[in-house]
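Take a look at the structure below.
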Amino acid sequence: MRYLLPIFALLALPALSGCGLRPLYGGGTAGSVARNIGSVTVDPIEGKAGWLVRNALQDRLAPVGGGTGPSYRLHVELDDQITGFGIRLDDAVTRERRTLRAQYQLFDATTGVVVLDATTGSDLGIDVARSEYATIAAEDTALERLAGIVADQIVTRMAQKVAVDADDK
C-alpha cells in the first residue's frame, strides 16, 4: 500500500501542469507583473499607522517597480482601532484586539482613472499586562505587524489586478 502513493503522485503530475495556474511573480523582475506594474507612487498616509503602512508598501514595491508598464498612484486611508474585551471582576481589561483596516485606490497616474478600489485589513490580539509600559509596547508591536500584513495584502491585490489586465491585452 505504501508503494502506491508515489505512483499516484507521479501519475498526477501531468494533470497539474495543464491546469493553467502559474506563479504570480514568475520570472522575478523580468516577469509579467514586474514589467506591467511600472512604478507606483504611494501618497502620504496620516498618523503613525500610516507612516508604518507607507514604509511597508514602499519596501514591497521597490523590487517590483520600474517596469515598462504605466505609472500608478496609490491612495490609502486607514482605520486603526483598539477594542478591549476579556474583563475581570474588577472591571480591568485583560485582552485587547487591534484592528487595522485600509481603504485604498490605485489610480493610473497619467489619466487619473481609478484602476482598483478595494478594502483590506487584519487584526491581532494583545494580552494586557499589569505593566502599562508592557501593554503599550505590545500595542506598538501589533501595529507594526498589522502594517506589514496590510501592505502585503495591498501589494498582492495590485499584482493580481495588473496580471489580469496584462492577460486581457
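The values are calculated or read from the model by the stated rules, or taken from the named source; none is laboratory data. The shown structure was predicted, so the numbers you read here are calculated from the model rather than taken from an experiment. Counting neighbours? That spans all protein chains shown, and the Cβs are built from the backbone with ideal geometry, glycine included.
Some observations on this one:
- Residue in the stretch 19-27 that is surrounded by 11 or more Cβ atoms within 10 Å (Cβ to Cβ), at pLDDT 65 or above, outside any helix (DSSP H, G or I) and of a type in the set (Phe, Trp, Tyr) present: no
- Residue check for Val76: β-branched (Val, Ile, Thr) and modelled with pLDDT under 95: no
- Test: residue in the stretch 94-104 that is assigned to a strand (DSSP E or B), crowded, with 17+ Cβ neighbours inside 10 Å and aliphatic (A, V, I, L, M): yes
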